[in-house]
Amino acid sequence: QVHLVESGGGLVQAGGSLRLSCAASRIIFSLFDMGWDRQAPGKQRELVATITAGYRTAYGEGVEGRFTISRDNAQKMVYLQMNGLKPEDTAVYSCNAVFRAAIYWGQGTQVTVSS
């Protein structure tokens, strides 16, 4: 079974930066499209960023220009560099892996941005 473990969340002041990491195992990592989404209390899960197996990236509304997704196939890692954080970025951030009809999520890591 695919195993995804996120790290790097925490508490940061508005305007600060965090780098989230997601370690994947039990997976042919290079075949998967990887991504990050987030869910804030009382809100629906929303897309943050994706990076395909071919390294194409896409970003959700409101984060492009502030967040950068990247991947390291050799290490089976995906990263989310978050700059210029805002209080509205507060959420649980989860890593996901997609291959054809299969999608897997990690447990998530909490990001809290104070004003």
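The values are calculated or read from the model by the stated rules, or taken from the named source; none is laboratory data. These figures come from a predicted structure and were not determined experimentally. Here Cβ is always computed from backbone atoms with ideal geometry, including for glycine, and neighbour counts include all displayed protein chains. Side chains are part of the model used for accessible areas, which takes the heavy atoms of the whole protein and leaves out ligands, DNA and RNA. Shrake-Rupley method; radii C 1.70, N 1.55, O 1.52, S 1.80 Å.
Pop out the carbon and sulfur fraction of the accessible area of the chain as a percent, whole number, probe 1.4 Å.
On the way: 3080 of 6280 Å².
Accessible surface attributable to carbon and sulfur in the chain totals 49 percent.
Grab the other residues whose beta carbon is less than 12 angstrom from that of V63, score K and R as +1, D and E as -1, and report the net. Don't jump to the answer; show the numbers that get you there.
On the way: positive: R38, R66, K86; negative: D37, E46, E61, E64, E88, D89.
With Lys, Arg at +1 and Asp, Glu at -1, the net is -3.
Please return the longest range in the chain lying between exposed loop sites, taking trypsin sites (Lys or Arg not before Pro), DSSP loop only, at most 14 other beta-carbon atoms within 10 Å, and leaving the sites out. Numbers along the way, then the final one.
Working: sites that count: R26, K43, R45, R56, R100.
That would be 57-99.
Provide E46, E6, E64 ordered by accessible surface of protein heavy atoms (probe 1.4 Å), highest first. Mind showing how you got there, number by number?
On the way: E46 80, E6 20, E64 135 Å².
Ranking E46, E6, E64 by accessible area, largest first, yields E64, E46, E6.
Specify the inter-centroid distance of the range 96-115 and the range 4-77, based on alpha-carbon positions, in whole Å.
Cα centroid to Cα centroid, the span is 7 Å.
List the residues whose amide H sits under 5 Å from the amide H of K86, counting only those 5 or more places along or on another chain, with H placed 1.01 Å from N in the peptide plane.
G15
Any idea what the alpha-carbon Rg over 2.2 N^0.38 Å comes to for the chain?
Details: Rg = 13.3 Å, N = 115, 2.2 N^0.38 = 13.4 Å.
Expressed relative to 2.2 N^0.38 Å, the Cα Rg reads 1.00.
Please calculate how many Å² of accessible area the chain carries per residue, with a 1.4 Å probe and no DNA, RNA or ligand atoms counted. Could the numbers behind the result be given before it?
Details: 6280 Å² over 115 residues.
Dividing the accessible area of the chain by its residue count gives 55 Å².
Residues of the range 74-103 with the amide nitrogen closer than 19 Å to a label point 7 Å from the Cα of T52, along Cα-to-Cβ, please.
Only 78-79, 96-103 fall inside the zone, counting backbone N under 19 Å.
Tell me, what is the 1.4 Å probe accessible area of I51, in Å² to the nearest 10?
Per-residue accessible area (I51): approximately 10 Å².
Only bridges whose two residues both fall in the chain count here: according to DSSP, what percent of them are antiparallel, nearest 5? Numbers along the way, then the final one.
Working: 39 of 44 bridges.
So the antiparallel bridges amount to about 90 percent of the total.
Could you work out the relative contact order of the chain? I mean the mean sequence separation of Cα pairs under 8 Å and 6+ apart, divided by the number of residues, in percent.
This gives 36 percent for the chain.
Rank these residues by their accessible area, most exposed first, probe 1.4 Å: Y93, Y59.
Ranked list, largest accessible area first: Y59, Y93.
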